[in-house]
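A.B. asks: Submitted below is the structure of interest, expressed as structure tokens.
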Amino acid sequence: MQNYETLRKSSIQKRLSFLFRDAVLYGAASSISQFVAVFKVPILTRFFSTAEYGITDVFAVFEGLCGCFIILGLDSAVARYFYDTENHEEKKQIVSQALMVQLLLGLCTTIVLLLSSFTITNHLLHLPGYSNVFSIVALCLPSMVMVQFSRNLLKWTFLRMQFIIVSVGSTVVVVLLTILFVCFFKTGVKGVFYAELIGMSIFAGIGLLFCRSYLTLPKNLKYLKPMVCYGFPYVIIAVAGALLPAMDRIIITRYLTLEFMGLYAVGFKLTMFLRLPVSAFQTAWSPLSYSIYKEADADLTYNKVFLYYTIMISLIAYVAIVCADQIIIVLASGRYLPGKTVVIPLVFGIIFESLGWIVGIGIDLSKKTQYSALSYLISLGVSILLMLLLVRPFGIQGVAYGVMIGNLIKAACYGIFSNHVYHLRFELKKPILIVATVFILLEILRNTSMPSTFFYFSITTLVFIGLCFFCWKYCVQIEDKAALIHKISLIKVMN
């Protein structure tokens, strides 16, 4: 905690440096685990048909949706109430009461899903013959939730090494087991979830072992009611966030075919390369934003973070989208290239959502989390409506643009509601200009015929250099330019 006490009194430049270092330290662990997970894609796409790959994606999304109900928003509530007390026994009760509820909900949910697996696969997901696979998915839920619980607690208690072991280790083991089951044992779609069941069960035990100093038998349910009240809006947020990728899959499988589902899934997986820095930033952003909100210059820090994050994520998005063809060929194969049509809208949907986390900070600071839930519900409604309207005339690209516009609406609602409840103003002109410019340039490049690959990369490289120059010249503030130049000069002198 001493780091955060010092951070409150630091200059804005030091806070930005701290944010960067913390993102590397904590966020990189989450990002690396996601990056390792990407390596499952070329394995599955080569051993499965496009239809089979689409089925694994549908089950994975459904699994995430069920996890939201089990977690019950208590991960956010634990983070909020954990630092309300300095008494270690009270901290243990807060953690243990939340864990007890999640364990019970996980077991009950698994039992219900096992009993109704045939009905869900045949009538809801329209995947007849896959009830046995769905049963394995149901069995994964308790251990998956326990891994998530331990990761969150380790992050908020600054147990860095243990956090990395659980975050990265669980993913690596699941990927290795997936290779074993799918490539060597030839278990098909079942093998994907056998691997997850075994890997997550192992690291659920390891994670809880690392957290043992905060675990005890609950003496009562004193903290449970206030934590549930605080966390309930986050249930709506989590369900809405998980329901959207479930709805786009359901809409595609209902109105198109499983082959299109496979193409969409590969395009969606490519966005993982953008989710890496986004995940890193979000992991570091939450503790920093809470730690300095009482300081007089907090709004200046928030605005600088907003501006520089927009520049960084827009440039990363540009590079990822420009290289989309090559990435798809490496991850999957040339037959999945039609899936690139969804990359631009899905990537910018992620950008809009992550920007909403920043401009919506006032909602969390005011503790009026119902406005976050309302933003998600509005976004979900808009996305589903647009996907239904656009899926027939534009196919999977129409679905992707429905997702993107929904996330844009969500970010706008976050900003409006945040300003209403906390009166925290953000300078929007430059960030909007940056995102709009990158989006328009990418659409122009996508719709322009290039005579050769060399010519394409020459043009896109020149455009990227121009974007960097524009951001440096007109967006980076003078004092920050001077500070960065000074640091670079010091490094040169040291070398």
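A.B. asks: Over region 39-255, calculate the relative contact order: mean separation of alpha carbon pairs under 8 Å at least 6 apart, over the residue count, as a percent.
C.D. replies: Working: 237 pairs, mean separation 77.1, N = 217.
About 36 percent, as a whole number.
A.B. asks: How far, in nm, would the chain grow between His88 and Thr453 when pulled straight, counting 0.36 nm per residue and subtracting the alpha carbon separation?
C.D. replies: On the way: separation 365, 0.36 × 365 = 131.40 nm, distance 6.10 nm.
Length gained, His88 through Thr453: 125.3 nm.
A.B. asks: Divide by every residue of the chain the summed helix terms, -39500 (n - 2.57) for each DSSP H run of at least 4, and state the resulting mean residue ellipticity at 222 nm, rounded to the nearest 500 deg cm²/dmol.
C.D. replies: It comes out at -27000 deg cm²/dmol, rounded to the nearest 500.
A.B. asks: Among Leu99, Met227, Tyr255, whose Cα projects farthest towards the positive end of the dipole of region 39-255, with charges put on the beta-carbon of Lys, Arg (+1) and Asp, Glu (-1)?
C.D. replies: Leu99
A.B. asks: Another question, if that's okay. Over the chain, what lengths in whole Å, largest first, do the semi-axes of the equivalent ellipsoid take, defined as the square roots of 5 times the eigenvalues of the alpha-carbon gyration tensor?
C.D. replies: Working: eigenvalues 222, 206, 93 Å².
Taking √(5λ) for each Cα gyration eigenvalue gives 33, 32, 22 Å.
A.B. asks: Under 8 Å for C-alpha pairs, at least 6 residues apart: give me the relative contact order for the chain, rounded to a whole percent. Each step should come with its number before you reach the end.
C.D. replies: On the way: 622 pairs, mean separation 100.9, N = 495.
Relative contact order here is 20 percent.
A.B. asks: Lys40: which lysines have alpha carbons under 27 Å from its alpha carbon, excluding same-chain residues fewer than 8 sequence positions away?
C.D. replies: Once the sequence-local lysines are set aside, what remains near Lys40 is Lys155, Lys186, Lys190, Lys269, Lys340.
A.B. asks: Treating only the Cβ atoms of Lys and Arg (+1) and Asp and Glu (-1) as charged, compute the dipole magnitude of the chain about its Cα centre; round to the nearest 20 debye.
C.D. replies: Values: 39 positive and 23 negative charges, 93 e Å.
It comes to approximately 440 debye.
A.B. asks: Here is a follow-up. How large is the dipole of region 344-484 about the Cα centre if only Lys and Arg carry +1 and Asp and Glu carry -1, each at its Cβ, rounded to the nearest 20 debye? Mind showing how you got there, number by number?
C.D. replies: Working: 10 positive and 6 negative charges, 34 e Å.
The calculated dipole for region 344-484 is roughly 160 debye.
A.B. asks: Residue by residue through region 370-380, what is 3J(HN,Hα) from phi via Karplus (6.51 cos²θ - 1.76 cosθ + 1.60, θ = phi - 60°)? Round to whole Hz and write x for glycine and proline.
C.D. replies: 5, 6, 5, 4, 5, 4, 5, 5, 4, 4, 4
A.B. asks: Residue farthest toward the positive end of the dipole of the chain, with Cβ of Lys/Arg at +1 and Asp/Glu at -1: which of Leu16, Tyr81, Ala138?
C.D. replies: Leu16
A.B. asks: Moving to a separate point now. When the Kirkwood radius is taken over all Cα pairs of region 39-255, what Stokes-Einstein diffusion coefficient follows at 25 °C and 0.890 mPa s, in µm²/s? Before the final figure, lay out the partial values.
C.D. replies: On the way: Rh = 18.3 Å.
Rounded, D is 134 µm²/s.
A.B. asks: Using a Förster radius of 41 Å, what is the FRET efficiency between Phe464 and Arg254 based on their Cβ-Cβ separation? Nearest 0.05, please. Each step should come with its number before you reach the end.
C.D. replies: Values: r = 39 Å, r/R0 = 0.96.
Using R0 = 41 Å, I get an efficiency of 0.55.
A.B. asks: Distance between the C-alpha centers of region 39-57 and region 126-185? Whole Å please.
C.D. replies: That distance is 18 Å.
A.B. asks: Another one. Based on the mean of other Cβ atoms within 10 Å per residue, sort peptides 200-212, 259-271 so the most packed one is first. Please list the in-between numbers first.
C.D. replies: On the way: 200-212: 18.9, 259-271: 24.8.
So the order, starting with the most tightly packed, is 259-271, 200-212.
A.B. asks: Among rounded, prolate and oblate, which fits region 376-495 when a ≥ b ≥ c are the square roots of the eigenvalues of its C-alpha gyration tensor, a/c under 1.5 means rounded, and a/b larger than b/c means prolate? Please report the intermediate quantities before stating the final value.
C.D. replies: Details: a/c = 3.33, a/b = 1.28, b/c = 2.61.
It comes out oblate by the Cα gyration axes.
A.B. asks: Sticking with this structure for a sec: Given q = 0.10, 0.17, 0.18, 0.19 Å⁻¹, what are the Debye log10 I(q)/I(0) values for region 186-293, with equal point scatterers placed on the Cα positions and solvent ignored?
C.D. replies: -0.57, -1.36, -1.38, -1.38
A.B. asks: Could I ask something else about it? If you average the C-alpha positions of region 327-398 and of region 209-257 separately, how far apart do those two centres end up, in angstrom?
C.D. replies: 19
Each value in this text was obtained by applying a stated rule to the coordinates, not by laboratory testing. Please read these numbers as outputs of a predicted model, since none were measured by experiment. Reconstructed Cβ throughout: ideal geometry from the backbone, glycine too, with neighbour counts over all protein chains shown.
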